[in-house]
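S.K.: Have a look at this one before I ask anything.
The values are calculated or read from the model by the stated rules, or taken from the named source; none is laboratory data. Note that the structure is predicted; figures quoted are calculated from it, not measured. Because the Cβ atoms are built from the backbone with ideal geometry, glycine has one as well, and the counts that use them run over all protein chains shown.
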Amino acid sequence: MGARRWLVAALALSTCLACAAPAAARQKWNTRVFAHVSDPGYPALSLVAPDRTVYVGTFTNAQGSDTGPSKVFAYRPNGKLRRTYTIKGQTAGAAHGVQVAAIDARGILYLLDQNPSRVLTLNPRTGAQATYATFRDVPPCMSSLKTTDCSDTVMDNPPEPDYTAWGRDRSMYVTDYQQAVIWRVPPGGGKPQVWFTDPQIDGSLFGPAGIVLLPDHRTLMFDTSAGGVTTPGDPTTGQLYKLPIKPNGKPGVLRQIWESGPKEGPDGFAVARSGHVYLALVGPQTNQIVELSQTGKELGRFPADTSGDNGSPVPFDEPSSVQFDGSRMIVTNDAFFSGDASHFVVFDVWAGEPGAPVFVPGLKPRVRYRLTVHPSSVGPGTHTFHFHATRNGKALRGAVVRFAGQSSKTDKHGNAAIVANLTHTGRRRARLTRGHRRHPRTLATASVRVH
């Protein structure tokens with residue numbers, strides 16, 4: 001999540017530096033309050049499940065004084081609360097926080113717990129919880145990549161799992177915010193191994209945060225909330241990186257593609273189908289989402305200033321994570337520094353473009369068909385209607401459009417045309433179909449209004 005560590009980090013650095021609507025109805029960046037998060041508040045990472053349930057975990061407060069159990073809230077796609085889960089087995093007397101970081105093909109959730117430092121599974125149907133992996137202190141010498149014999153070395157910062165991404169082999173890659181490490185948890189859980197570490201991603205008090213497996217399923221993208229010890233310039237700037245997974249499972253060559261401004265605190269992010277990256281900036285008094293191209297070029301920020309004014313009743317107040325749900329983004333508002341309970345919300349922010357599918361081992365991608373028609377409103381008479389069919393956003397060839405007693409097959413561009421004589425007012429439905437001609441399967445529909 002990043003915000004809690006920023007409180008300590010900012011002090012240290014200052015010392016050292018002296019509900020989705022149709023696209024036509026919403027403009028890009030249009031922001032609505034999706035849901036208010038109740039006690040203990042401080043919503044951290046959110047996750048959008050394949051059935052569009054939104055799961056949100058709660059984090060610690062700025063003082064670290066909230067030692068009660070963390071909670072996970074499950075919301076319907078319209079923002080209505082479906083169920084609340086209370087986390088078990090957390091360290092007594094410690095500050096607690098969980099992040100809903102992943103889901104598997106069975107629908108089991110994977111939470112990153114802070115105390116104890118572990119991956120915890122949660123069955124949302126039964127509420128059952130179990131430890132999947134636990135993390136350990138990593139000695140400073142590990143980050144040099146020169147030795148793994150650290151038996152005589154004093155331990156560095158304690159582990160703090162932050163974000164995770166699935167690998168193709170069902171392994172789990174987990175960023176460690178305080179130890180400049182990316183862990184690899186073996187398939188099925190068990191003892192995590194240090195998979196990648198480098199001085200470039202070591203910000204001393206904080207390191208890698210958000211992580212995503214890109215659509216090629218061979219490249220990890222991750223960010224850091226501040227620069228590593230070898231980064232020239234201002235060490236308070238964060239970076240966005242690409243890191244290949246080699247065929248033998250080892251990390252490839254780290255490549256930086258973007259750098260933030262000072263103390264902006266890059267945190268959670270999501271990737272659109274276009275390749276654009278939407279990244280939350282959780283640094284103190286930043287309150288923005290930045291949009292980047294595939295190559296790291298800044299395409300825009302919202303809002304344009306750091307006021308947090310997003311046009312909704314609640315301002316951005318340390319937005320910490322971004323997840324796609326169709327063409328809208330689910331953005332958590334941690335409100336870590338202000339502690340304003342009225343700001344403990346989840347936002348629905350319109351991106352105006354669909355998100356890239358999030359890889360889940362063994363989960364078949366959801367197929368979405370769409371049929372559009374032009375014109376969609378006519379007077380009585382004979383007209384030529386032009387249809388366009390898509391499957392997951394791409395032109396659909398060879399499907400049959402049925403309308404007004406006639407049919408036409410789509411071409412390689414997904415287009416079909418039908419000439420029809422409509423005499424009665426009202427709505428007429430067109431169907432996109434496949435299958436046996438006597439019993440076709442309807443994939444999508446479109447309507448024409450006769451007025």
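S.K.: Taking P262, is it closer than 21 Å to P303 by Cβ and in the same structural domain as L220 (by TED's automatic domain parsing)?
M.R.: Yes, satisfied.
S.K.: Which of the strands (runs of 3 or more DSSP E) contained wholly in region 47-137 include at least 3 residues that are over 16 Å from G189 (Cα atoms)?
M.R.: On the way: elements: 54-58, 71-75, 81-86, 98-103, 109-113, 118-122, 129-134.
Filter on region 47-137 gives 54-58, 71-75, 81-86, 98-103.
Here is a yes/no grid of residues against (1) surrounded by fewer than 23 Cβ atoms within 10 Å (Cβ to Cβ); (2) modelled with pLDDT of 95 or more; (3) in contact with an Asp or Glu (Cβ under 7 Å, 6 or more places away or on another chain):
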| site | (1), (2), (3) |
| --- | --- |
| F316 | no, yes, no |
| T332 | no, yes, no |
| F336 | no, no, yes |
| P354 | yes, no, no |
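S.K.: Which of the residues that make up region 253-282 are outside any loop (DSSP other than H, G, I, E, B), closer than 16 Å to Q294 by Cα and charged (D, E, K, R)?
M.R.: R255, E259
S.K.: Any idea which of (1) at pLDDT 85 or above; (2) of a type outside the set (A, V, I, L, M, F, W, C); (3) in a helix (DSSP H, G or I) is the one D39 doesn't satisfy?
M.R.: D39 satisfies every listed condition except (3).
S.K.: Going residue by residue through region 66-74, is there one that turns out to be surrounded by fewer than 17 Cβ atoms within 10 Å (Cβ to Cβ) and closer than 22 Å to W166 by Cα?
M.R.: No, region 66-74 contains no residue that is surrounded by fewer than 17 Cβ atoms within 10 Å (Cβ to Cβ) and closer than 22 Å to W166 by Cα.
S.K.: On to the next question. When the residues of region 248-287 are narrowed to those that are of a type in the set (G, A, S) and closer than 18 Å to Y177 by Cβ, which ends up nearest to the chain's Cα centre (by Cα)? Walk me through how you get there before you give the answer.
M.R.: Initial filter on region 248-287 (of a type in the set (G, A, S)): 249, 252, 260-261, 265, 268, 270, 272, 274-275, 280, 283.
Next cut, closer than 18 Å to Y177 by Cβ only: 260, 265, 268, 280, 283.
Values: S260: 19, G265: 17, G268: 7, A280: 10, G283: 18 Å.
Among those that are of a type in the set (G, A, S) and closer than 18 Å to Y177 by Cβ, it is G268.
S.K.: Moving on. Scan region 80-88 and tell me whether some residue there is at pLDDT 90 or above, hydrophobic (A, V, I, L, M, F, W, C) and within 18 Å of the chain's Cα centre (by Cα).
M.R.: No; the residues of region 80-88 include none that is at pLDDT 90 or above, hydrophobic (A, V, I, L, M, F, W, C) and within 18 Å of the chain's Cα centre (by Cα).
S.K.: Can I ask one more? Just one of the numbered conditions (1) surrounded by 18 or more Cβ atoms within 10 Å (Cβ to Cβ); (2) of a type outside the set (G, A, S); (3) closer than 24 Å to P357 by Cβ; (4) modelled with pLDDT of 95 or more is not true of L45; which one?
M.R.: Only one criterion is unmet by L45, namely (4).
S.K.: Another question, then. Go through (1) modelled with pLDDT of 95 or more; (2) within 22 Å of the chain's Cα centre (by Cα); (3) surrounded by 15 or more Cβ atoms within 10 Å (Cβ to Cβ) for F206 and report which single condition fails.
M.R.: All conditions are met except number (1).
S.K.: Just a yes or no: is a residue in region 3-26 assigned to a loop (DSSP other than H, G, I, E, B), surrounded by 15 or more Cβ atoms within 10 Å (Cβ to Cβ), in contact with a Phe, Trp or Tyr (Cβ under 9 Å, 6 or more places away or on another chain) and modelled with pLDDT of 95 or more?
M.R.: no
S.K.: Given (1) surrounded by fewer than 16 Cβ atoms within 10 Å (Cβ to Cβ); (2) more than 36 Å from the chain's Cα centre (by Cα); (3) at pLDDT below 95, identify the lone condition not met by T384.
M.R.: Among (1) surrounded by fewer than 16 Cβ atoms within 10 Å (Cβ to Cβ); (2) more than 36 Å from the chain's Cα centre (by Cα); (3) at pLDDT below 95, the lone unmet condition for T384 is (3).
S.K.: To continue, here is another question. Please work out which residue is nearest to the chain's Cα centre (by Cα), limiting yourself to region 89-126 and to residues that are loosely packed, with under 14 Cβ neighbours inside 10 Å and polar (S, T, N, Q).
M.R.: Among them, the one singled out is T126.
S.K.: All but one of (1) modelled with pLDDT under 95; (2) more than 19 Å from A102 (Cβ to Cβ); (3) among the hydrophobic types (A, V, I, L, M, F, W, C) hold for V181, so report the exception by its number.
M.R.: V181 satisfies all of (1) modelled with pLDDT under 95; (2) more than 19 Å from A102 (Cβ to Cβ); (3) among the hydrophobic types (A, V, I, L, M, F, W, C) except (2).
S.K.: State which residue is modelled with the lowest pLDDT when the search covers only region 426-451 and only residues that are assigned to a loop (DSSP other than H, G, I, E, B) and out of contact with any Gly (no Cβ under 9 Å at 6 or more places or on another chain).
M.R.: Ranking the qualifying residues of region 426-451, first place goes to H436.
S.K.: Could you please give the count of residues in region 152-167 that are of a type in the set (D, E, K, R) and either modelled with pLDDT of 95 or more or assigned to a strand (DSSP E or B) (or both)?
M.R.: Of the residues in that region, 1 qualify.
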